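**Q** I have a structure I would like to understand better, so I am pasting it below and will then ask my questions one at a time.
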Amino acid sequence: MTDRYNPHAIEPKWRERWEESRIYAAPDDDPRPKWYALTMFPYPSGDLHTGHWYAMAPSDVAARYRRMLGYNVMFPMGFDSFGLPAENAAIKRNIDPKEWTYHNIDRMRGQLKLMGASFDWDREVITSDPEFYKWTQWWFLQFYKRGLAYEAESLANWCPGCQTVLANEQVIDGRCERSDDLVERKMMRQWFFKITAYADELLRYDNIDWPERIKTMQRNWIGRSEGAQLKFAVDVPAVSEPLTVFTTRPDTVFGATFMVIAPEHSLVDRITTVEQRGEIDAYVVATGRTTEIDRLSTEREKTGAFTGAYAINPFSGERIPIWIADYVLVTYGTGAIMAVPAHDQRDFAFAKKYGLKIVPTYDHPDVDTTKPLEAPYAHGGRMINSGPFDGTPEADAAAKVVAQAESQGIGEGAVTYRLRDWSVSRQRFWGAPLPFIHCPTHGTVPVPDSDLPVILPENVEFKPTGQSPLQLTEEWVNVPCPVCGEPAKRETDTLDTFMCSSWYQMRYADPHNPERPFSKAAAEQWFPVDQYTGGAEHAVMHLLYTRFFWKAARDMGLVEGDEPMKRLVNQGVILGPDGNRMSKSRGNVVAPDDQVDKWGADAFRCQLMFVGPWDQGGPYNPTGMSGIVRWLNRVWTLVVEPVRLTDSAPPEETKALRRTTHKTIASVTEEIANFRFNTMISRLMEHSTAMQKARDAGPVDREAWEEAVRTALLLTAPLAPHITEELWERIGQPYSIHLASWPTADPAFAHDDEVELVVQINGKVRDHVTLPAEASEADARAAVMALPRVAELVGDSVPKKVIYVPGRLVNIVF
RNA sequence: GCCGAAGUGGCGGAAUGGCAGACGCGCUACGUUCAGGGCGUAGUGUCCGUACGGGCGUGUGAGUUCAAAUCUCACCUUCGGCACCA
C-alpha cells in the first residue's frame, strides 16, 4: 500500500491531539504579546452551514498566522442563543425553547470542531446561560442607573388577532404570518438606550482600522444634520404649546407656506377640526399599514390630509395650514416639518397636488421668481420675499435667521440625527428578562443586583398565538416588591438579543467570573479586540451597538480606550453553486459536513478561501474542489516521496529555487496579513509547481530543498492545519507546526537579477526587453532604442516624448 | 426608494493607473502496463493570417491620461442593509 494522502486518516487524529495538548488555550498570564482574534458567534439555528465555515475558517487562518508570529492568541467561540426561532420551534413543535436551543448548540459545537479551527473552547460563552444573562441584566441596570435607559412610546407591528407584537420578518405583505390578520403599526411603551447621546463620537473612527465602506454606511446611518428648531404657534384655542419643527434650511423660513406633521404626532388628535376628523382618522389608519421603506420612497406619490388647523409662521406672520402626511416620520427630528415647496422636492410635489402656496425665498439666474415655479430649486443667490433679510447671500442666511430666532426666543440652532435611540425591550419569551418589578406603590423598581439573574421560568406553555408565556406564568410574574414587600408584578418584556452580542466579546476575557462581568485584570490582559471578523450584513446595527456599548462602559469606568475592536474585516456572502443565496427551497445548499466527509476539512477550508476574494463573497463551486485536492496531494507527494538530493547542484538552479521560496514567503505573508486568501493559495500553488520542476530537473541542493519543504508547510499551516501537522511530523520536526514560527523572507535570496520591461509605442505593446536589475534609466532608454523592432517601427521620426516607468515599461509617443 | 458594494474568457477569479485573463475548474490533443472521476506535457478570449504578426476585447455610453478593468460623470443589472431575523 502506497503512502497516499488520506485526510480521513489524519484529520481526526490531529484534532484529538490538539485538544488533549490544549495548544490553542490562551493563558491569561503569558509573556508573549496578546492578540485577541474574534469572529462573530453563530445563532444556534440547528445546523452549521457553509456560511459559518465561510466566516470562521478564514478567521481561523488569520488567528493561526498571529500565533505563528509569536502572539498569545485568544480566539474564542460561543453561541448567540436567545432569539425568535427558538420560540417558533416551541410553538410549532411543542418543545421547550431551552431544550431546542441547547440541543442545537451541542450539535453545532460538534460540527464546528470538524473545522479544525484553533478555538479556545474553555472560554465558550452561551448568551442564554443564566451565568451570562445575569450580566446582560446587570448591564441593563447600569445603563438605567446612569440615565442611559429610558421608557418611551414607539411604533411596533401589532397583530390584533394574536394580540402580540410581531418582528418585521413575521409580517408578510402587511399580514401576520401566523394568523393572516392585517398588521397595524401601534405606539407602544418600550425601553430605549440613549445611543444618540454618543452619535457624534460614533461618527469618529480615530485609531481604528475599519473598512471605508463600513464607516461610510455607519456615518450615513447616523445621518447627522445641522439646522435649527423653530417654534410655530398653533392657532387652536386648546393648544397652548408651540409646534416645534426641525429644519436644515432655516434660511428658507419665509417660504414655509404650510406645515406637515407625522400622522402619529401627539398633536394630531387635539388640532383636528370636526369637519376634517373623518378624513384624518382614515389617513392615520392607512398610514399604520404602510411600511417605513414605502413611506420614505422618493418615487411614491405624496399623500396627506388637512387637519383643518393653522399655525403662524413666526417670521412671515402668515397663517399657514397644518397637514399630516406619511412622508414625515415621527421618529425623525421633531416629527414635524415646515414645508418650503419652493426649495424642497417633496414639499413641492405635495404643494402641487393639494394646491398649496409656493413662495421662493432666493433669486436664481435660471428662474423667473415672479412666475409660478415649474420645479423647486435647492439653492439660490440672495434672499427675496424675506422681509428684513432680503438681499442676504445664501452663505450668510442660515446664521442670520437662526440668530434672530434665538434673540426672539422662537428657535435655536440644532443638530439632529437619523439614528434613533436603540429600542432594547421585546415582547417575547426567549430572551433575558428585563430586571424590573412593577409595584402599585413604588412604580418601576429595578431588581437588586443581589437578586440577579432573573431566571426565565421553565416548562411554560406556548400558545399558538405567539403571545409571550411570561405573561401567563402567574407564579413567575407575582413577586413581592423589593422596596415594600407588598405584592407586585415582574416586567414581562425581555431584552433585545443585540444586547447580548454587544458585550459578549468582553465576557470571553473572563467567561466564568461569578462576581462581575469580567475582572479588571482580564480586561487589561485582553481588551480591546485586535481583529474582528464577520459578515458585512452587520455593518450598521450590531457594529454600532457594540461600539456604543463599549463607550458607555468606558464612561462607567469599566473598560479603557474608546473602541472595542481595533481592526475589522467583513467577509461577503457565500452563495450556492448557482450563484444564489443557499436555501432549501432552491435546493442549492452545500452542507459542510458532507464536504468534510468527501474531501476532508483541509480541502474544504482551502476551497472556500480559493473561490474568490473573501470580502466579496460569491458562489461556492464544489466542482472546482478537485483543483484544491490535487494541490494538497502534490504537497503531500513533494514531502513524502523520495527526492534525489545532492550537495553539488548547479548554483544557478539552487539560487532559483531559493529565490522562489523567499519570494513566496514575501508574497504569502503580504496576502495573509491582508485577508487575501484566494491569491495566497495561488502563490502557494505556484511554489509547489516550482518545487516539482526543480525536483524533476535532477538532483536538488539538499539545503535549498529542505528549506523549500519547511517553508511550504509553514506557509500552508494556517490554511490546512491537519495535513501540514502530519507532514511536519514526518519530516522530523517537533510538535506542533502551529506553534512554530512564521518564516521571514530574506531579500538577498528573493532578489531578482534581471527585470523585463514592456516596450510600448503609442501605448501599444510592441516588444519586451530584459535588463539587469540595477540598469539605470539611461541604460533602459538606450536598450529600447537599440531594439530592431523599435528601429523598424520608429524609423526616422522623432518621438514627441518617451515615458519611462522604472521596472515596468518604456512608452515611445509620437 | 434610500445607504453601501459588485459587474472581466465556457466557469470561479487575477491584475487598483503601466503586458488583461495569474491561479484553478472545464475543454482539446498527446504521453503514461492508466481498465473507472489517476498522473504528466502542451494548448485554450475573439477575429484575420500557413506563419511572423495584426485588429478587437473587462455591463452600456461619454470623458480625463502618453497609458484606463482600474480615475470622473451618466445609465443598466445583481447583491448586502434599512432599526422586533441574527
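**Q** So is A:Lys92 within 16 Å of RNA strand B (Cβ to nearest atom), in contact (Cβ under 8 Å) with a residue 24 or more places away in the chain, open to solvent by 50 Å² or more (accessible area, probe 1.4 Å) and more than 30 Å from A:Lys598 (Cβ to Cβ) or not?
**A** no
**Q** Looking at A:Arg22, A:Arg64 in this structure, which one is more than 13 Å from RNA strand B (Cβ to nearest atom) and open to solvent by 40 Å² or more (accessible area, probe 1.4 Å)?
**A** Going through A:Arg22, A:Arg64 in turn, the sole match is A:Arg22.
**Q** Looking at the range A:719-814, what helices (runs of 4 or more DSSP H) fall wholly within it and have at least 3 residues that are among the acidic types (Asp, Glu)?
**A** A:721-730
**Q** Select from the range A:199-238 the residues that are in contact (Cβ under 8 Å) with a residue 40 or more places away in the chain, surrounded by fewer than 19 Cβ atoms within 10 Å (Cβ to Cβ), away from RNA strand B (no atom under 16 Å from the Cβ) and hydrophobic (A, V, I, L, M, F, W, C) and list them in ascending order.
**A** Within the range A:199-238, A:Ile208, A:Ala233 qualify.
**Q** Evaluate the following for A:Thr273: is it surrounded by fewer than 20 Cβ atoms within 10 Å (Cβ to Cβ), under 26 Å from A:Val359 (Cα atoms) and modelled with pLDDT of 90 or more?
**A** So A:Thr273 does not fit the description; no.
**Q** Which members of the range A:655-674 meet the condition of being crowded, with 22+ Cβ neighbours inside 10 Å and either aromatic (Phe, Trp, Tyr) or closer than 22 Å to A:Asp209 by Cβ (or both)?
**A** A:Val668, A:Ile672
**Q** A further question follows. For the range A:389-413, which residues satisfy the criterion of being touching a helix residue (DSSP H, G or I) at 6+ places or on another chain (Cβ under 9 Å) and among the small types (Gly, Ala, Ser)?
**A** Result: A:Ala397, A:Ala398, A:Ala399, A:Ala405, A:Gly411, A:Gly413.
**Q** Right, another one. Within the range A:790-808, can you find the residues that are within 10 Å of RNA strand B (Cβ to nearest atom), surrounded by 14 or more Cβ atoms within 10 Å (Cβ to Cβ) and more than 12 Å from A:Glu777 (Cβ to Cβ)?
**A** A:Leu793
**Q** While we're here: For the range A:498-616, which fully contained helices (runs of 4 or more DSSP H) count at least 3 residues that are more than 10 Å from RNA strand B (Cβ to nearest atom) and under 22 Å from the mean Cα position of the chain (by Cα)?
**A** In the range A:498-616, A:541-555 are the helices (runs of 4 or more DSSP H) which contain 3 or more residues that are more than 10 Å from RNA strand B (Cβ to nearest atom) and under 22 Å from the mean Cα position of the chain (by Cα).
**Q** Just to be sure, is A:Gly624 at pLDDT below 95 and among the small types (Gly, Ala, Ser)?
**A** For A:Gly624, the condition - at pLDDT below 95 and among the small types (Gly, Ala, Ser) - is met.
**Q** Do you know which residues across the range A:146-170 are within 11 Å of RNA strand B (Cβ to nearest atom), within 20 Å of A:Phe462 (Cβ to Cβ) and open to solvent by 30 Å² or more (accessible area, probe 1.4 Å)?
**A** A:Trp158, A:Glu169
**Q** Looking only at the range A:640-654, decide whether some residue is in contact (Cβ under 8 Å) with a residue 12 or more places away in the chain and open to solvent by less than 10 Å² (accessible area, probe 1.4 Å).
**A** No: zero hits.
**Q** Check the range A:647-670 and report whether any residue there is modelled with pLDDT of 95 or more, of a type in the set (Gly, Ala, Ser) and in a helix (DSSP H, G or I).
**A** Within the range A:647-670, one or more residues are modelled with pLDDT of 95 or more, of a type in the set (Gly, Ala, Ser) and in a helix (DSSP H, G or I).
**Q** If you don't mind, another one. Within the range A:463-480, is even one residue of a type outside the set (Ser, Thr, Tyr), open to solvent by 40 Å² or more (accessible area, probe 1.4 Å), part of a loop (DSSP other than H, G, I, E, B) and modelled with pLDDT of 95 or more?
**A** no
**Q** Looking only at the range A:668-687, how many residues end up being within 6 Å of RNA strand B (Cβ to nearest atom) and over 26 Å from the mean Cα position of the chain (by Cα)?
**A** 3
**Q** With the condition kept exactly as written, say whether any residue in the range A:620-635 is open to solvent by 30 Å² or more (accessible area, probe 1.4 Å) and outside any helix (DSSP H, G or I).
**A** yes
**Q** Here's another thing I want to ask about it. Of the residues that make up the range A:720-733, is at least one more than 30 Å from A:Met56 (Cβ to Cβ), open to solvent by 40 Å² or more (accessible area, probe 1.4 Å), away from RNA strand B (no atom under 16 Å from the Cβ) and modelled with pLDDT of 95 or more?
**A** Yes, the range A:720-733 contains at least one residue that is more than 30 Å from A:Met56 (Cβ to Cβ), open to solvent by 40 Å² or more (accessible area, probe 1.4 Å), away from RNA strand B (no atom under 16 Å from the Cβ) and modelled with pLDDT of 95 or more.
**Q** Look through the range A:177-198, keep the residues that are at pLDDT below 95 and away from RNA strand B (no atom under 12 Å from the Cβ), and return whichever of them is farthest from A:Val285 (Cα to Cα).
**A** The residue in question is A:Arg178.
**Q** A:Arg730: of a type in the set (D, E, K, R) and touching a Pro at 6+ places or on another chain (Cβ under 8 Å), yes or no?
**A** So A:Arg730 fails the test.
**Q** Further, regarding this structure: Criterion first (open to solvent by 40 Å² or more (accessible area, probe 1.4 Å), within 11 Å of RNA strand B (Cβ to nearest atom) and modelled with pLDDT of 85 or more) does A:Ile761 satisfy it?
**A** no
Residues are listed down the side, and each one gets a yes or a no for (1) under 28 Å from A:Arg189 (Cβ atoms); (2) crowded, with 21+ Cβ neighbours inside 10 Å; (3) of a type in the set (A, V, I, L, M):
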residue	(1), (2), (3)
A:Thr497	yes, yes, no
A:Trp503	yes, yes, no
A:Gln531	no, yes, no
A:Arg567	no, no, no
A:Val589	no, no, yes
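**Q** Let me ask something else. Within 30 Å of A:Ile803 (Cα to Cα), away from RNA strand B (no atom under 16 Å from the Cβ) and either open to solvent by 80 Å² or more (accessible area, probe 1.4 Å) or polar (S, T, N, Q) (or both): does that describe A:His768?
**A** no
**Q** Take A:Tyr133 and decide whether it is open to solvent by less than 70 Å² (accessible area, probe 1.4 Å) and in contact with a helix residue (DSSP H, G or I) (Cβ under 8 Å, 6 or more places away or on another chain).
**A** Yes; evaluated as a whole, the condition is true for this residue.
**Q** Would you be able to say whether some residue in the range A:67-88 is more than 16 Å from RNA strand B (Cβ to nearest atom), over 22 Å from A:His538 (Cβ atoms), buried (at least 22 other Cβ atoms within 10 Å of the Cβ) and not hydrophobic (A, V, I, L, M, F, W, C)?
**A** Checking the range A:67-88: at least one residue is more than 16 Å from RNA strand B (Cβ to nearest atom), over 22 Å from A:His538 (Cβ atoms), buried (at least 22 other Cβ atoms within 10 Å of the Cβ) and not hydrophobic (A, V, I, L, M, F, W, C).
The values are calculated or read from the model by the stated rules, or taken from the named source; none is laboratory data. The structure presented is a predicted model; accordingly, all values stated were derived computationally and were not measured. Methodologically, a virtual Cβ is constructed for each residue, glycine included, from the backbone with ideal geometry; neighbour enumeration extends over all protein chains shown. For accessibility, only protein heavy atoms count, side chains too; no ligands or nucleic acids. Shrake-Rupley method; radii C 1.70, N 1.55, O 1.52, S 1.80 Å.
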